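The values are calculated or read from the model by the stated rules, or taken from the named source; none is laboratory data. What you see is a predicted model, and the numbers here were worked out from it, not measured in a lab. Here Cβ is always computed from backbone atoms with ideal geometry, including for glycine, and neighbour counts include all displayed protein chains. Only protein heavy atoms, including side chains, enter the accessible area calculation; ligands, DNA and RNA are left aside. Shrake-Rupley method; radii C 1.70, N 1.55, O 1.52, S 1.80 Å.
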Amino acid sequence: MADEHVCGFCGQMADHVVEGPNDAYVCVNCLAAARDVIAQMQATYTCSFCLESVPYHTVVAGQNGLFMCAACVDSGIKLLKK
């Protein structure tokens, strides 16, 4: 199809794309995935150890909904070194 372009994120051919400068294209599926990632990055989580509400980018996720913030990771490492 002449109207298809390659998405610059997933590499797939798509006929429904948003065109940016310099022949940059993004497909509908990648836009939806990007929206979900951005929403997750803007979310806050409660650290399971200190119970502080912290931004997504400062936690690590464990099993069963466990989260640990960067400060508690640092504290845990210090405790283990004693």
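Just a few scattered comments:
- Scanning the stretch 7-29 turns up one or more residues that are open to solvent by 50 Å² or more (accessible area, probe 1.4 Å) and touching an Asp or Glu at 6+ places or on another chain (Cβ under 7 Å).
- Here Met41 meets each of (1) hydrophobic (A, V, I, L, M, F, W, C); (2) over 23 Å from Cys10 (Cβ atoms); (3) touching a helix residue (DSSP H, G or I) at 6+ places or on another chain (Cβ under 9 Å) with one exception, condition (2).
- The single condition among (1) hydrophobic (A, V, I, L, M, F, W, C); (2) more than 15 Å from the chain's Cα centre (by Cα); (3) open to solvent by 60 Å² or more (accessible area, probe 1.4 Å) that Met41 does not meet is (2).
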